[in-house]
1. Report every pair of residues separated by at least 6 positions or lying on different chains whose Cβ atoms are under 6 Å apart, first residue within region 327-339 and modelled with pLDDT of 90 or more, second not in a helix (DSSP H, G or I).
2. Restricting to region 387-420, count the residues that are under 27 Å from Ser347 (Cα atoms) and either in contact with a strand residue (DSSP E or B) (Cβ under 7 Å, 6 or more places away or on another chain) or crowded, with 18+ Cβ neighbours inside 10 Å (or both).
3. I'm checking my understanding of the structure. Among residues of region 292-330 that are hydroxyl-bearing (Ser, Thr, Tyr) and touching a Gly at 6+ places or on another chain (Cβ under 9 Å), which one is nearest to Val423 (Cα to Cα)?
4. Being touching a residue at least 12 places away in the same chain (Cβ under 8 Å), part of a helix (DSSP H, G or I), within 21 Å of Leu81 (Cα to Cα) and acidic (Asp, Glu) is true for just one of Asp142, Asp151. Which residue is that?
5. Out of (1) outside any loop (DSSP other than H, G, I, E, B); (2) crowded, with 20+ Cβ neighbours inside 10 Å, the odd one out for Leu202 is which?
6. Ser95 is checked against (1) surrounded by fewer than 18 Cβ atoms within 10 Å (Cβ to Cβ); (2) under 20 Å from Leu194 (Cα atoms) and fails just one. What number does that condition carry?
7. Can you name the residue in region 357-367 that is out of contact with any Gly (no Cβ under 7 Å at 6 or more places or on another chain) and part of a helix (DSSP H, G or I) and, of all such residues, is nearest to Leu159 (Cα to Cα)?
Amino acid sequence: MATSGVVQKPRMSFWQIFNMSFGFLGIQFGFALQTGNASRILQTFGADVENLSLFWLAAPITGMIIQPIIGHYSDRTWTRLGRRRPFFLTGALLSGLALLFMPNSSMLAAIIPPIVVGAGMLMIMDASFNVAMEPFRALVADNLPDSQHNDGFSMQTCLIGVGAVVGSWLPYVFANWLGVSDTAPKGHVPNNLLFSFYIGALTLIGSILWTVIKTKEYPPEEYAKFHEPEMEEKEKKSGLVQIFSDLFSMPKTMWQLGIVQFFSWFALFSMWVYTTPAIAEHVYHIKAGDTSSHAYNTAGNWVGVLFGVYNIVSAAYALLLPRIVRRSSRKKTHAFSLIMGGLSLISIFFIKNDYVLILPMIGIGLAWGSILAMPYAILSSAIPAKKIGVYMGIFNLFITMPQIVSGISGKFLMKYVFSDHAVYGLIMAGGFMVLGAVSVLFVQDGKKIQIIDTPLIQAP
């Protein structure tokens with residue numbers, strides 16, 4: 001009810017939350033194709049394993065710059081499409097184009113080295129995913145009452161899992177079930193990857209359009225009814241000045257979550273960069289640099305299947321998270337999930353059978369599902385409602401910075417510490433994820449939210 005002139009937002013139905021979150025399925029479809037195959041494509045174009053992390057750097061650097069700006073202006077933009085929808089629609093179109101062009105980088109070999117084009121497309125793709133993704137996070141906080149934040153972020157995580165499973169498995173399905181070739185001449189990407197990226201582009205754009213068409217946003221005058229008015233002088237600051245002002249006045253909870261995010265995303269970045277070369281060498285016994293062989297592409301296809309498994313687990317886990325949180329706490333739930341992910345990453349070193357690799361994907365899926373939901377649920381309850389967009393954008397710094405640190409340090413570590421054995425990069429990732437589990441216990445999650453014990457999926 002009303003408190004100090006502020007009205008409670010109406011609760012949304014299951015299908016309203018679903019439609020509002022559906023675009024995330026397409027974003028993660030494309031993101032799964034990127035994380036599962038970018039290293040493989042870059043190695044096809046000539047990248048050495050010790051340099052892979054450097055090629056991945058362009059993406060988080062771009063995201064670090066773009067996200068706070070996108071968040072700031074999405075808080076202050078209103079068009080016929082709303083305030084958030086123009087941004088994730090633009091991000092979807094740019095991401096789709098990058099998905100189309102990245103595996104075709106060799107077409108420009110006469111003008112520009114394919115590795116340069118591929119790295120550039122990786123940068124554009126990741127930046128565009130982020131342009132689309134963060135306004136989606138803000139949309140949940142915009143449209144849902146506090147009591148449904150856990151449900152909203154869990155629904156997003158569930159759809160993320162579904163999209164990622166399809167995106168991860170598609171190259172394997174094309175090669176093993178549909179008979180599409182998974183080999184190509186040296187320096188070229190095989191057809192099973194090309195077709196997967198084409199379908200990913202169409203799916204991403206289509207799912208975003210679904211959310212744009214099916215979801216409404218509160219116009220400014222109606223939105224103001226649900227929130228306390230902000231101090232007037234804050235609105236007079238210019239864009240960059242306001243962003244820096246917000247950066248240095250972040251709530252304590254946000255700083256604490258930043259430490260958790262640093263450890264978590266350092267681990268995730270290392271996992272995405274090194275899993276394909278690690279599995280190829282450690283399990284399939286393929287020599288470094290042998291990227292055009294059938295065996296190497298078989299290993300790459302299997303990594304896609306494994307990534308699909310952890311995303312299936314994360315999707316199912318996301319549906320359970322609201323119930324688990326109600327019976328424990330967000331902090332304990334997240335800590336448990338990160339520990340399971342860390343131990344699972346470390347266990348890969350001891351596995352020599354490709355099918356047994358499915359087991360650690362379960363723990364990694366628990367960690368991924370929680371990473372995509374719990375930090376945002378805690379954060380959304382700790383920041384001013386009128387600054388949801390800019391703070392979600394600033395929060396992205398705690399995702400991009402660890403990736404940059406991992407990328408810069410990865411070349412040195414891989415060459416001088418790990419002797420180009422990528423599997424040690426996965427052990428390092430597991431250790432960082434365990435550190436994230438420890439650090440989450442020190443986060444201040446003090447805001448009490450009324451949680452209504454209604455399942456995310458309701459019986460008909």
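The values are calculated or read from the model by the stated rules, or taken from the named source; none is laboratory data. Since the model is a prediction, treat every value here as computed from it, not as a measurement. Note that each Cβ is placed from the backbone with ideal geometry, even for glycine, and that neighbours are counted across all protein chains shown.
1. Between residues of region 327-339 that are modelled with pLDDT of 90 or more and residues that are not in a helix (DSSP H, G or I), the close pairs are Arg330/Asp445; Lys331/Val443; Lys331/Asp445; Ala335/Leu441.
2. The initial filter retains those residues of region 387-420 that are under 27 Å from Ser347 (Cα atoms), namely 398-420.
Those left that are additionally either in contact with a strand residue (DSSP E or B) (Cβ under 7 Å, 6 or more places away or on another chain) or crowded, with 18+ Cβ neighbours inside 10 Å (or both): 398-404, 406-407, 410, 414, 418.
Residues in region 387-420 being under 27 Å from Ser347 (Cα atoms) and either in contact with a strand residue (DSSP E or B) (Cβ under 7 Å, 6 or more places away or on another chain) or crowded, with 18+ Cβ neighbours inside 10 Å (or both): 12 in total.
3. As a first pass, look at region 292-330 and keep what is hydroxyl-bearing (Ser, Thr, Tyr): 292-293, 296, 298, 310, 314, 317, 328-329.
Narrowing the set further to residues that are touching a Gly at 6+ places or on another chain (Cβ under 9 Å) leaves 292, 310, 314, 317.
Details: Ser292: 21, Tyr310: 18, Ser314: 23, Tyr317: 27 Å.
In this case the residue turns out to be Tyr310.
4. Working: Asp151 fails: within 21 Å of Leu81 (Cα to Cα).
It is Asp142.
5. (2)
6. Result: Ser95 passes all but (1).
7. So the first thing to find is which residues in region 357-367 are out of contact with any Gly (no Cβ under 7 Å at 6 or more places or on another chain), and the list is 357-362, 365.
Keeping just the survivors that are part of a helix (DSSP H, G or I) gives 358-362, 365.
Details: Ile358: 21, Leu359: 22, Pro360: 22, Met361: 18, Ile362: 17, Gly365: 14 Å.
So, considering only residues that are out of contact with any Gly (no Cβ under 7 Å at 6 or more places or on another chain) and part of a helix (DSSP H, G or I), the one nearest to Leu159 (Cα to Cα) is Gly365.
Condition check ((1) modelled with pLDDT under 80; (2) part of a helix (DSSP H, G or I)) across all residues:
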| residue | (1), (2) |
| --- | --- |
| Ala47 | no, no |
| Ala59 | yes, yes |
| Thr62 | yes, yes |
| Ile66 | yes, yes |
| Phe101 | no, yes |
| Ser105 | no, yes |
| Ile111 | yes, no |
| Met121 | no, yes |
| Glu134 | yes, yes |
